[in-house]
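The values are calculated or read from the model by the stated rules, or taken from the named source; none is laboratory data. What you see is a predicted model, and the numbers here were worked out from it, not measured in a lab. Note: ideal-geometry Cβ built from the backbone for every residue, glycine included; neighbour counts use all protein chains shown. Accessible surface is based on the protein model in full, side chains and every heavy atom, while ligands, DNA and RNA are left aside. Shrake-Rupley method; radii C 1.70, N 1.55, O 1.52, S 1.80 Å.
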Amino acid sequence: MSRSASLPSGVVGFEPDELIVRVLAGTTMSDLATVLSANGQRLRIPAVGTVGGAVAARRNGPYPPDNAALPNIVLKLRAVDGEGREFTAGGGTVKNVSGFDLVKVLIGSQGMLATILEVTFRTEPIPRASRWFTGSGSVDGLYRPTLVARHEGRTIVNLEGHPDDVIEQSALLDGFVETHRPTPEQIHCFEPIVMATNHRLDGTATLAVCRRLKESFDPENRLGAARSIAMGLA
């Protein structure tokens, strides 16, 4: 029998000077974005769904998984495994993890290993300038654009940073026109130019490791049962 329950929501702690926020998994990403923006900060992932869902699904949207996107902005997780045992992974600071990095195992696990209860994120300041462009030209000359994606057959580019740098970089965009900032829902649906690795498991060694993880966290296959079976984990 499947069961569903609502997870608690709310910001548990926020240290703007340390760029750290601790939030319950049931909190909507849009509510969290509102709290952060009021203090001039943000998370560079789409503000859609809930915090727990974003982490469990590794919901970067079109943003590449670099140091400003999942899984690198999650410092600590509190969760409960398939046996009902609560545990904590990671630490409250950027460099506070030694040995096996369990946080990165749980991010993108689709709820098959544990149910996330609370997340500690590393935030970032909102850039002084942010401009969006759409077109069909080349982006090869750009230096570290924030986002390059595809939408409805056109290329979407987001440039952020110091105003002078953004002006300089925007001058390199031949065949583009400036456009309004997309909504979080639209950004989430953009297709990244460089596709992230999918969830398909290739190789017997990788599958064996994933099976052992599933057995350790959820031996009775109570979490994401159908998905686990389809992926050969249970």
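Remarks
Yes or no, residue by residue, for (1) in contact with a strand residue (DSSP E or B) (Cβ under 7 Å, 6 or more places away or on another chain); (2) of a type in the set (Gly, Ala, Ser); (3) within 22 Å of THR34 (Cα to Cα); (4) at pLDDT 90 or above:
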{"site": "LYS95", "(1), (2), (3), (4)": "no, no, no, no"}
{"site": "PHE100", "(1), (2), (3), (4)": "no, no, no, no"}
{"site": "GLY111", "(1), (2), (3), (4)": "no, yes, no, yes"}
{"site": "ILE126", "(1), (2), (3), (4)": "yes, no, yes, yes"}
{"site": "LEU147", "(1), (2), (3), (4)": "yes, no, yes, yes"}
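- Scanning the range 149-164 turns up no residue that is among the hydroxyl-bearing types (Ser, Thr, Tyr), under 17 Å from the mean Cα position of the chain (by Cα) and modelled with pLDDT of 95 or more.
- Number of residues in the range 138-156 that are in a strand (DSSP E or B) and farther than 19 Å from LEU43 by Cβ: the value is 6.
- Among the residues of the range 158-171, those that are open to solvent by less than 90 Å² (accessible area, probe 1.4 Å) and more than 17 Å from ASN60 (Cβ to Cβ) comprise LEU159, GLY161, HIS162, PRO163, ASP165, VAL166, GLN169, SER170, ALA171.
- The lone exception for GLU124 - which of (1) loosely packed, with under 14 Cβ neighbours inside 10 Å; (2) under 28 Å from ASP31 (Cα atoms) it fails: (1)
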